[in-house]
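We did not get these values from a lab; they are worked out from the coordinates using the rules stated. Predicted model only: the values in this text are computed from it and were never measured. Please note: Cβ atoms are built from the backbone with ideal geometry, for glycine as well, and neighbour counts cover all protein chains shown.
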């Protein structure tokens, strides 16, 4: 069957023209447990224990920041990872495994964003998930409210482009889920990933938190 594409070029241009550099592409992974692991959180709350942040500058330079919470500790412990076989490595890579506490991990995220929080656009796929986490962080840590409110207000949802039919293919199967859109527009697919969905990721992350 011939691939059928539909493009709302002007609509897409209008969306993207409102974005400001550096573009901060970020993604959260969470764990949810009946007995809270962290002070200030609730039963079954989806608590951020991993993030990935790509900062794309106007000149094309890309920086990548990534951390994962390995365990809880009274003393900050950070291991910098050296990934020698990363075929997707960009200009600057900073990957960390942290043993610490939830509050300070949130601070690490803000440090990685730095002063760019004042003028960056924050880009996600399905912003309801990330912004719900951001609102929960504000509730738990009011001292970070100003920063995370800026992130919420300046978050752009890439999912809106296929969801609003600005960009469409029959390969999307009528869905705007990234699991359908990604393999249709790139050579990547969730089917080939060792961890291919959020529930599997949550299970693995729970296992990593083995020292709690």
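In this label model, residue 126 and residue 52 are separated by 1.5 nm, measuring between points 7 Å along each Cα→Cβ vector. Inter-label distance, residue 117 to residue 61: 2.2 nm, where each label sits 7 Å from its Cα along the C-beta direction. For an R0 of 41 angstrom, estimate the FRET efficiency from the Cβ-Cβ distance between residue 185 and residue 143 and round to the nearest 0.05. That gives a FRET efficiency of 0.55.
The gain in end-to-end length when the residue 170 to residue 11 segment is fully stretched comes to 55.3 nm, 0.36 nm per residue minus the alpha carbon separation. Full extension of the segment from residue 37 to residue 110, taken as 0.36 nm per residue of separation minus the current Cα-Cα distance, would add 24.1 nm.
A simple spin-label model places the labels of residue 18 and residue 178 2.1 nm from each other, with each point 7 Å out along Cα-to-Cβ.
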